[in-house]
Amino acid sequence: MTQKIIPGGAHGRATAGKSPEELETQSQEYHEDVEAIKDAILRQFGAGTDIGELVYTAMVEAQREVADGYTLLDNRPGSWESAGLSSLMDGVQAQLNAESN
């Protein structure tokens, strides 16, 4: 059985105790991931894909790999970004619940 992912929470975002190299690596990985997501969105946009459907499908597939009792929005549930995705996350949860019944 594949290990499910749990949210990193405050510990994952903390900078205290991390070396400058660790912080630089973390920042670089973040920016590389943003670029990869941006490139995928633009590639699919150019192909005529509904970007909302693309993001929704990606969230469904990612949520499948998150440990039970957690959601993709748990790291920052009060942020405006998460608030913007909460309706989409409701749809993700409904889809996964329907599949498990």
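The values are calculated or read from the model by the stated rules, or taken from the named source; none is laboratory data. These numbers were taken from a predicted model, which means no experiment stands behind them. A quick note on method: Cβ atoms are made from the backbone with ideal geometry, for glycine too, and the neighbour counts reach across all protein chains shown.
Overview of values
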item	result
Search result, residues across the stretch 5-20 that are part of a helix (DSSP H, G or I) and either β-branched (Val, Ile, Thr) or modelled with pLDDT of 90 or more (or both)	Pro20
Test: residue in the stretch 6-29 that is surrounded by 14 or more Cβ atoms within 10 Å (Cβ to Cβ) and either within 15 Å of the chain's Cα centre (by Cα) or of a type in the set (Gly, Ala, Ser) (or both)	yes
The listed residue being part of a loop (DSSP other than H, G, I, E, B), under 16 Å from the mean Cα position of the chain (by Cα) and surrounded by 13 or more Cβ atoms within 10 Å (Cβ to Cβ), out of Thr57, Thr71	Thr71
Long-range neighbours under 7 Å by Cβ, at least six apart or interchain, first residue among the polar types (S, T, N, Q) within the stretch 56-72, second part of a loop (DSSP other than H, G, I, E, B) and crowded, with 16+ Cβ neighbours inside 10 Å	Gln63/Thr71; Gln63/Leu72
